[in-house]
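What follows is a single structure, written as structure tokens, with notes after it.
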Amino acid sequence: MKIYSANWRRSVISLVGTILLGSAIAPSQEHIGQISQQLTTKQGVKYWTTRGNVVPVCWETTGYDREKQISKSAVMNSWGYWTNITFTGWGSCPTSGDAELVRIRIGPQGPENAGAGGQARIGEDALSKAADNSPGMNLGFDANVADQGRVEYVAIHEFGHILGFIHEQDAPRRCCRRSTNLWNSPSKRRKS
């Protein structure tokens, strides 16, 4: 099942390719939404390198199957494709035990912001246990009617925070610019 429109996919590939891997491998097609700034982190972020670049993910909320599938596909086809990060799980969160996971809670959202929004903690701070009752990511969807492109954008954006990145406007000057070679490991990018 193809989830992305051709224009959206070209935009994301161009944007992610330029940001993460340098402009040398970005598609030479039309340049939609290209950014040449490095991604920004803050001091003290715990990166996923301490966990073998594996991010364990689960859903706290039942339902929202359409939005969950769109979100997972968007993350796997962007961050999962262009970085040396592996996202595991994606099933229902355990309701007990000590497993530390990026627990995603979904709540209802009205039609504002094209029916999708969210917030996430930064880096490994997004991990929590069932007893914590504190998910690492909160998403809001207008179920079954949220704009697909907006759901994709929100998922990719919030998982950027999970990976340790902050908003550019929140970056302290001359602090914490990550190199474009994430975690000093070769990319998992598939050969075309």
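The values are calculated or read from the model by the stated rules, or taken from the named source; none is laboratory data. Source: prediction; values computed, not measured. Counting neighbours? That spans all protein chains shown, and the Cβs are built from the backbone with ideal geometry, glycine included.
Key figures
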| quantity | calculated |
| --- | --- |
| Contacts under 9 angstrom Cβ, first residue in the range 106-134 being within 19 Å of Val154 (Cβ to Cβ) and free of Cβ contacts under 8 Å to residues at least 24 places away in the same chain, partner buried (at least 19 other Cβ atoms within 10 Å of the Cβ) and acidic (Asp, Glu), 6 or more apart | Glu112/Asp142 |
| Count of the range 95-130 residues which are of a type in the set (Asp, Glu) and within 20 Å of the chain's Cα centre (by Cα) | 3 |
| Thr88, sole failed condition from (1) touching a Lys or Arg at 6+ places or on another chain (Cβ under 9 Å); (2) surrounded by fewer than 16 Cβ atoms within 10 Å (Cβ to Cβ); (3) assigned to a strand (DSSP E or B) | (1) |
| Some residue of the range 44-53 being closer than 22 Å to Val151 by Cβ, modelled with pLDDT of 95 or more, in the same structural domain as Val145 (by TED's automatic domain parsing) and not basic (Lys, Arg) | no |
| Test: residue in the range 161-171 that is surrounded by 19 or more Cβ atoms within 10 Å (Cβ to Cβ), in the same structural domain as Thr49 (by TED's automatic domain parsing), closer than 18 Å to Arg66 by Cα and touching a Ser or Thr at 6+ places or on another chain (Cβ under 7 Å) | no |
| Test: residue in the range 98-106 that is at pLDDT 95 or above, in contact with a strand residue (DSSP E or B) (Cβ under 6 Å, 6 or more places away or on another chain) and in a loop (DSSP other than H, G, I, E, B) | yes |
| Residues of the range 67-85 classified as part of a loop (DSSP other than H, G, I, E, B) and either among the small types (Gly, Ala, Ser) or free of Cβ contacts under 8 Å to residues at least 12 places away in the same chain (or both), total | 1 |
| Yes/no for Thr62 being in a loop (DSSP other than H, G, I, E, B) and not aliphatic (A, V, I, L, M) | yes |
| Number of positions in the range 128-163 that are assigned to a strand (DSSP E or B) and in contact with a Pro (Cβ under 8 Å, 6 or more places away or on another chain) | 3 |
| Condition check for Gly164: within 12 Å of the chain's Cα centre (by Cα), closer than 19 Å to Val55 by Cβ and modelled with pLDDT of 90 or more | yes |
| Which listed residue, of Ala116, Ala126, is surrounded by 17 or more Cβ atoms within 10 Å (Cβ to Cβ) and modelled with pLDDT of 95 or more | Ala126 |
| Candidates Ile19, Ile13, Ile32 - the one that is among the β-branched types (Val, Ile, Thr), surrounded by fewer than 17 Cβ atoms within 10 Å (Cβ to Cβ) and at pLDDT below 95 | Ile32 |
